Amino acid sequence: MWSMLAILIIAAVIFFMEFPLLKKKKKKKDLWFFSILLVFFTAVSVLEASEFPLPNPLDYIQGFYQFFSGS
Amino acid sequence: MLKQKSNNQTSAASKPLIPDLEESLAHIRSTMGDSSDLVIRPMVIHKTSAAVLFMDGLVDMNAVQDFILDALMHEMSSKRVSSHQLYLTIKESSLPIGEMEEIETYKELFDKLLSGETIVLIEKQKKALSASTKGWRDRGVQETTSESVIRGPKEAFTETLRTNTALLRRKIKDPALRVEPKKIGRKTHTDVAVVYLEGTAETEVIEDVMRRLDQIDIDGVLEGGYIEEFMQDAQYSPFPTVYNSEKPDAIAGGILEGRIAIITDGTPNVLLVPALFVNFMQSSEDYYQRSDISTFIRILRLFCFFVALFMPSLYIAFTTFHQEMLPAPLLISLAAQREGVPFPALVEALMMELTFEVLREAGIRLPKPVGSAVSIVGALVLGQSAVQAGLVSPAMVIVVALTAISSFVFPAYNMAISVRILRFPMMMLAASFGLYGIILGMIAMVLHLCSLKSFNKPYMSPFAPFIPKDQKDVLVRFPHWGLLSRPSSLTKKDQKRVDSTSKER
Amino acid sequence: MDNQTITPRQFMFLVILFTVGSSILIVPGPLAAQAKQDAWLSIILSILIGLLLILFYDHMTKLMEGKTFVQATIMVFGNWFGRFLLFFYLSFLFILAALVLRNIGDFMTTEIIPETPLQFTHILFLIVVIWGAYLGLEVMGRSAEIFMPWVFLLLIFFTITLVPQIKIENLQPFLGEGVMPVLSTSTLALGTPLLEMVVFLMILPYVKDAQPKRKAWVLGVLIGGFILTVITLLCLLVLGSDLAALNTFPSYRLAQKINIAGFLEGLEVVIGIIWMLTIFFKMVVLYYCVTVGIAQFLTMDDHRPLLLPLGMGIIVLSIIAYPDVAYFETFVATTWFPYALTHGFLLPALVWIGLLIKKKRSG
């Protein structure tokens, strides 16, 4: 619970650190990409903090190469 | 609204002089609001009325008496002339004063009058004369109090700009030494002089200094620190990027390295830019002592830098996180000392460090005889009794004392302050992450240092970027016959310093 | 990205630190497990192969004409297919960065600060890394110049103090298991750190002066490889291959053996500091390149806004990447080499061919 709250606060702090700068420089595209990535990774972090079993990319990589080496 | 007002004021002040003497004097009186230190001496020279104006206390009374009043009232030829003729005669032949200027507006008039010159106004003239009669009491050139040395000149700058430029001229008797005047401060009109060696200092840096000085718009400048904060590159850094010293020899040495000095009237501390990290670790005395001694002292200073910065945090880290890494006998004795101490190591360290900072501050503010009493009470009694009362461990007292002594080693006071400040975040990191936190704190500090610039010169040069040629005068000081070139991290012009044949025998 | 450049010397230091960082912790163990007393030979072998790889990368930089790998790929393969390839390249760097972060986290929480939770160790480390990547390449290069002498001095000190404990018998029998284990385990050192060098394709355009660039790179890899070889040799000579294979961090265990005249013990902290410094630089180079790469992938003007959001992602990935050390060890032993080969060699080779064809056509 506390960790989730902390993550949200951190995400908000990050947002308000970068937002005024990007807004001032009128970089709309940068602002969009930044916001999308921030929302995505905040969501991932919150899921991780709530002990939701996230998929591990290393499993897929391992599976992929094992498929090739034929074992 | 405010801006408009100040515009009005300037336009009113730059109004041309009124030819009618009575009206003109009335205008001056009303602008100055009948100040008691304004002296107006009306007189009649061959039936033409005139007036001599000066500020009491800012002028040298003897000069005014002997060379202006005397000359005007006694020694003028008695032939009657027109008012214009009279003006020309006074201007060209009858005032035996070195520096003399014509003025046309009230702005100029007040500028001159208030900086201690004597104004001569003549009926029906659109111009007035101002004679330089500046002279007020100052402290005189005295021995330096804040940067004492064992060997080397002991004189220090004073509060008077002219004296300070003269002190520099006496060290560098080269026609290329430039002293460029500036006035900063809407209300204080403080005189500032930029001093450098033409042909040695880099033109870009000079222009940068001038531009930054011109940008300053402030009501008053009372000390060089005002200017320093406007000019420094790193506004939010604990590290200083402008060097200051009150020793003429240190400043002259800097000017010879192609740096630029900024003298502020009323300040005995002269600023020097660009300033690199290594400059704060060096003292002018390094160049007067023999080179092996200076090298040793410089390395010692760097060592003290680390001790002052990391000692308390290392103590915290080792006593709370890494006991197993200490040799067993040391660990046992430390543990025995900390046995009765009721606080965790961080609190203990913070308490002692803060106490020490308070003591140091108190020692500076108090008059000298009382100051030493405070240091005895503080250092001996407090330390001793804190240990006896079981509030802190003796090891902690040793650590604090060591840190304090180490931070006194730096020749530059402003660098010592930044180390004192950075010690506290380091202690916090040590208390929460142990050695790991200290190392990361150190990495972050080095990253920050490497990102700093002083007037476009990398702050950490000649270490990063590494300049092999400049290493001769950084940690090691070569003998003077080996310092062949100027530090290229400061200037790339006029590199030659010593002729390589000058040590043949 | 921000018109910062570094000198060839700074680049060389970054290469050395990159080669040593994290591989010094994780490579000697598995190497000793498979190649036994000949592990040092496989490192030398892989460095030699690695040099060919470096020459290939260098040739490629010339063809890229001042563009970074991301920009060049988009130029060659167009907006869609180029980005498709880059997705894999960038994800490789991203995963690598997360794994390196986990390495330092594992090392710290097992050896130096066992009380601190893994997440906080990672967060603190990453904050400093982000700070470095935020300040840019120039600052990274300069800091490498500041730290390099310390790393060298401490390493020399470390080596000298261990010399009295060397047992030459530990290296015998020479090639006792035959040549095969040496050959097969050299892939391990090739995967970490040599194929990871592909990350420098993002930095190379920002290195000043074309000519000493290759020299700096080759020299950097040689010095870094020499350090790796010396440390592995010391692990074998002092600990013996069995003990070295048993430890997760044999080079740290090695440091615990230091004992000067019976009173200077516990100097492993010093070694911990070197490892931290080298891993920091590996991590900051990786992280800088990942963010710059993603920024160029998305055609953004500045990589800095991405630093913090991506940091959250890296922390999560570094925590979930593997549940225990055993999983990681199998991953490194079986999957890492083909994975690194695909992204460190095959993918650049594809772009290289594209660049060649493009050059032929235009010239």
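Some notes on this structure:
- Too-long pairs where the Cα-Cα distance tops 27 Å, listed order kept, from A:Lys25/B:Lys453; B:Lys472/B:Lys493; C:Lys67/C:Lys213; B:Lys15/B:Lys134; B:Lys472/C:Lys67: B:Lys472/C:Lys67
- Model label sites at A:Val13 and A:Ala43, defined 7 Å from Cα along the beta-carbon direction, differ in position by 2.4 nm.
- Peptide-level mean, for A:50-57, of C-beta atoms on other protein chains within 10 Å: 2
- Take each residue in B:461-471, count the other chain C-beta atoms within 10 Å of its C-beta, and the mean is 3.
- Diffusion constant of segment B:161-275 at 4 °C, which comes from Stokes-Einstein with the Kirkwood Cα-pair radius and 1.567 mPa s, µm²/s: 92
- Our estimate of slack between B:Trp481 and B:Lys469, defined as 0.36 nm per intervening residue step minus the Cα-Cα distance, is 2.8 nm.
- Footprinting exposure proxy ranking of A:Phe52, C:Phe107, C:Phe77, fewest other C-beta atoms within 10 angstrom first, gives A:Phe52, C:Phe77, C:Phe107.
- Computed from Cα atoms, the angle from the helix C:39-64 axis to the main principal axis of chain C rounds to 10 degrees.
- Distance between the pseudo-spin-label points of C:Gln172 and C:Ser362 (7 Å out from Cα toward the beta carbon): 6.2 nm.
- The Rg/Rh ratio of the protein assembly as shown, with both radii computed over alpha carbons and Rh defined as the Kirkwood radius, is 1.07.
- Distance-filtered residues of segment B:284-303 - backbone nitrogen under 19 Å, label point 7 angstrom along B:Val498 Cα→Cβ: B:284-299
- Other residues within the sphere of radius under 14 Å centred on the Cβ of C:His59, judged by their own Cβ, net out at +2 (K and R +1, D and E -1).
- Too-long pairs where the Cα-Cα distance tops 21 Å, listed order kept, from C:Lys62/C:Lys208; A:Lys27/C:Lys282; B:Lys173/B:Lys247: A:Lys27/C:Lys282
- The amide H of B:Ile218, built 1.01 Å from its N in the peptide plane, has B:Gly185, B:Arg186 as neighbours under 5 Å, considering only residues 5 or more places off or on other chains.
- Of the GluC sites (Glu not before Pro) in segment B:258-363, the ones in a loop by DSSP (not H, G, I, E or B) with at most 12 other beta carbons within 10 Å are B:Glu339.
- Taking a straight Cα-Cα cut-off under 24 Å and skipping sequence neighbours fewer than 8 places away in the same chain, the lysines within cross-link reach of B:Lys47 are B:Lys79, B:Lys91, B:Lys124, B:Lys126, B:Lys127.
- Cα gyration tensor shape for chain B, rounded if a/c is under 1.5, else prolate or oblate: prolate
- Whole-Hz ³J(HN,Hα) from phi, Karplus 6.51 cos²θ - 1.76 cosθ + 1.60, for segment B:320-325, glycine and proline x: 9, 10, 10, 4, 5, 8
- With the highest mean first, a sort of the peptides A:36-43, C:292-299 on other beta-carbon atoms found within 10 angstrom per residue produces C:292-299, A:36-43.
- In range of the label at B:Ser94: residues from segment B:116-141 whose backbone nitrogen is under 20 Å from the point 7 Å along Cα→Cβ: B:118-133
- Placing pseudo-labels 7 Å out from each Cα toward the beta carbon at B:Glu207 and B:Lys173 gives an inter-label distance of 3.5 nm.
- Burial ordering of B:Asp111, C:Asp209, B:Asp470, C:Asp38, fewest other beta-carbon atoms within 10 Å first: C:Asp209, B:Asp111, B:Asp470, C:Asp38
- Principal-axis tilt of helix A:2-24 within chain A, Cα atoms, nearest 10 degrees: 60
- Degrees between helix C:8-20 axis and first principal axis of chain C (Cα, 0 to 90, nearest 10): 50
A short reminder: the numbers here are calculations on the coordinates, not readings from a lab. These numbers come from a predicted model, not from an experiment. Here Cβ is always computed from backbone atoms with ideal geometry, including for glycine, and neighbour counts include all displayed protein chains.
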